[in-house]
Amino acid sequence: CLKAKEACSRKVDASKQAPEKAEAKTPAEKQKQEHEEQAIRIEMPPAQAESACSSALALPSDKKMPALLGRTQMGSSNSSGGCPKKGADTPGYPVKGASAAVASPMDGAPANGDAGALAVAVDQAAPQEEAVPKAKPVAKAADVAKDGAQKFQVAGNKFPLGLARFLASTHIVVGHLHAKPGVTSGEYVFGWGFTWVPWFFMLSGFVLFSAHLKKPKQEGMLEYVMRRSVTIYPLYAFSVLVSFALKKSMGALTTDVPTLIAQSFLLQAWNPQWTEQALQMHCWFLSCMVVYWFFFKPLARCFKDLSLRGTAALMFFFFFLPWLMVIVPAAMGEDIDWYKVRGTKTDQVFDFGITMLKFHPLCYVHVFMLGMLLAKLRLLLDIKAKAVGPVDSWRNPFRLAIQFVAPLGYLALILVFSVSDGVSPSVWGYKLTARLSVLLPFQAMVLFGLAGLPSLPLPVLGWAFQKFDFLEKYSYAVYVFQFICYGVWPQVGRVNMLLFLAFVYGNAVVMAICVQQPIQKWWGAHPRGRICVPFIMAALLVGCSYLPDPSHPKPLSAIPEVVQLDDRMFDVRLALTDEGASDEDVVINPSLLIQDNEIFVAARRHRVESKRYNGEWNGTTAIIEEHIWHSQIVLGQSPLTLQAWMEWPTSAQPLDSSPFSVSLDAWSGLRTTSGDTWTELCDKEEWVPVNNTLIRHVVTGPEDPKVVLSNGSVVVAFDSLPPQANGVCRVNARG
């Protein structure tokens, strides 16, 4: 630029010494000189400055110095796209009235100067006395670069994932409702909603590591967790308080003190018993997320320098890990769905292990690391894409290939979720292995394909999805408040899916705007105060748990304690207590026998549980509905005088004047003829071919006991399905 300025200045000085030029300059000449000096001051790269000045210095000496006017040609038809070349109409010089355009290279601008070019106007025939027209203000180099910016939107690191998050949260909500028989229709696709929970682990690792690779921050591990907690903890804590208030007000709180303390600090996923008893049980994944954030910095140091080959190898290994849940049982001769009827409670070591596989942070850390590797792979492929050719050209194979990644991922998932014939879910291990991310390759394609490569234009599907990025701020609230919405939903029985989702979405909008945003603002502004929040929350939950429950009538309490049917008959409630019953158990169908001044009572302890899941029956993919009756015989006896029995009931409060009070205990001595316990009973199954549904009726123990006197002895008769004989049941003509 300095050389160009000196050369052009010499030309100006020479023109001043021309004999035909008057010493006194006219206003037009002064203005022209100002434009010349101003144009020379334009900041150009050395190569372009030399090219521009060489065009000016190449003029014949008898011609006047041309005015260098800085202007931008935004696709003008007069722009030649560069300086005229030899071999054209002129012998290497600009022709009269022509313009020579010199391109200014900018990030993403074409090299031929069509956009953002700096033009050098050369007018060889302008007379000395002609007034120079007022030129446009000369743009600075930065402004020129800005005007010539890329005409396409690069993917960058602002990912269009709002709609994808929202759809995943909605599928999870529908899947949870699908697991409750009778609540929703038995659509096969609904049963796969749970598979999106691990996807959020991968999404978190992908987004965080992408930001770290672009601009790493120096901060400690705990400091990083506290900074990230603003996105999850405030709304989670609020939802736990709401859930606690609802359950406490209804007298249905069953969460113990250790669980309340653990979930206040997001530790519930570490102990399966805490996970299953926690309020907002479905928020267990937040407990895992905190662990992954804590170790994010060390993991980032391990992954940041990986090569393309190393990244691909690690990704393949993590994709392979969930398949061990299929390969190992098959190698041991076990069924692939060996866990199918296990893992619902944690009263056995085996069930404890199954529940750990479902919820423990260690079982999903590979998913989070896979997201980080996906971010590294994106950066490495971006370098190769830029080396292949112009990133904005459809001839670039990377730009063409990235268009199909997300659509193919969604297509594969839709096929798995929708096609119930052909490939059985047992091939995937379905319930447990799919939860541990067997489907992650397809879900990774969705994430990678929507994000695109940083320097390439945003993929078409990503461009369409970004129009719905506003849904991102509501997807978290949809997930967190789904069961609270179900708990207050007024409809009993089947839920209208569309109305329920509209209710959940509306609640999510209110919570995000009125609760989440204000609390997050306070959380971010008080880094010291937020440390005390989990302690305060734990103390509040534990303290309020000791408050007496409000008095609510139990089921069927509207029936009075005593009803006099006629002069000789009363319908009364018996003074029976079952010490071993849970809050969900009820005592039904009592039978009484009075013998030798004693009363003997036998009754049935009863509880109902229902499940729905996708499975296989007789080689056909099916929806399995299990209606489980937890049944057990309870026995008790109490002294009784005949006189007191004859006088009872005589008051309006029969429980207060009852001649007996019997405490019932489970009958543990019942055995089969071979000496085995009376368990593992045969099931009743009903196949509904219209919608490929198997209804399985499961009873866990004997039912409906009767106390009778036989040969002077008190005996108990009962009804029951027969226990299985080595896993085999006899089936009569009625099934």
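Beyond 27 Å between alpha-carbons counts as too far, so tell me which of LYS386/LYS473; LYS215/LYS358; LYS217/LYS376 fall in that bin.
On the way: LYS386/LYS473 33 Å; LYS215/LYS358 35 Å; LYS217/LYS376 17 Å.
In this structure, LYS386/LYS473; LYS215/LYS358 lie more than 27 Å apart at Cα.
Students often check this: by mean Cβ neighbours within 10 Å, which of 567-576, 666-675 ranks highest, and how do the rest follow? Don't skip to the end; give the middle numbers.
Numbers: 567-576: 12.8, 666-675: 11.0.
Highest-to-lowest ranking by the protection proxy: 567-576, 666-675.
With labels modelled as points extended 7 Å from the Cα through the Cβ direction, what inter-label distance (nm, one decimal) is found for LEU400 paired with ARG671?
For LEU400 paired with ARG671, the spin-label model returns 7.8 nm.
Taking amide hydrogens as modeled 1.01 Å from N in the peptide plane, which residues meet the under 5 Å criterion relative to PHE570, leaving out close sequence neighbours?
LEU565
How many nm separate the modelled label positions at VAL257 and ILE513, each set 7 Å beyond the Cα in the direction of the Cβ?
Inter-label distance under the simple model: 4.3 nm.
Can you figure out the FRET efficiency of LYS521 with ASP683, using R₀ = 60 Å and their beta-carbon distance, to the nearest 0.05? Don't jump to the answer; show the numbers that get you there.
On the way: r = 55 Å, r/R0 = 0.92.
Using R0 = 60 Å, I get an efficiency of 0.65.
Report the label-to-label distance for ARG309 and PHE535 in nanometres (one decimal), using points 7 Å from each Cα along the Cα→Cβ vector.
Taking the simple label geometry, ARG309 and PHE535 are separated by 5.3 nm.
Please give the length that would be gained between PHE294 and SER710 if that part of the chain were fully extended, namely 0.36 nm times their separation in residues minus their C-alpha to C-alpha distance (nm, one decimal).
Numbers: separation 416, 0.36 × 416 = 149.76 nm, distance 6.94 nm.
Computed gain between PHE294 and SER710 is 142.8 nm.
Just add up the charged neighbours of PRO702: K/R +1, D/E -1, any other residue whose Cβ is under 10 Å from the Cβ of PRO702. Don't skip to the answer; put the middle values down first.
Numbers: positive: ARG604; negative: GLU703, ASP704, ASP719.
Every neighbour counted, the sum reads -2.
Please work out how much accessible surface TRP648 shows to a 1.4 Å probe, ignoring ligands, DNA and RNA, in Å² rounded to 10.
30 Å²
Hey, with R₀ at 41 Å, roughly what FRET efficiency would MET221 and ALA387 work out to, going by the Cβ-Cβ distance, to 0.05?
On the way: r = 36 Å, r/R0 = 0.88.
Calculated transfer efficiency: 0.70.
Could you sort the peptides 542-550, 513-521, 265-273 by per-residue average Cβ neighbour count (10 Å cutoff), highest mean leading? Before the final figure, lay out the partial values.
Numbers: 542-550: 11.1, 513-521: 14.7, 265-273: 21.1.
By packing density, highest mean first, the sequence is 265-273, 513-521, 542-550.
How do 715-726, 607-618 rank on mean C-beta neighbours within 10 Å, highest first? Don't skip to the answer; put the middle values down first.
On the way: 715-726: 14.1, 607-618: 16.2.
Result, highest mean Cβ count within 10 Å first: 607-618, 715-726.
The values are calculated or read from the model by the stated rules, or taken from the named source; none is laboratory data. Predicted model only: the values in this text are computed from it and were never measured. As a convention, Cβ positions derive from the backbone with ideal geometry for all residues, glycine included, and neighbour counts pool all protein chains shown. Note: accessible area is taken over every heavy atom of the protein model, side chains too, but ligands, DNA and RNA are not part of it. Shrake-Rupley method; radii C 1.70, N 1.55, O 1.52, S 1.80 Å.
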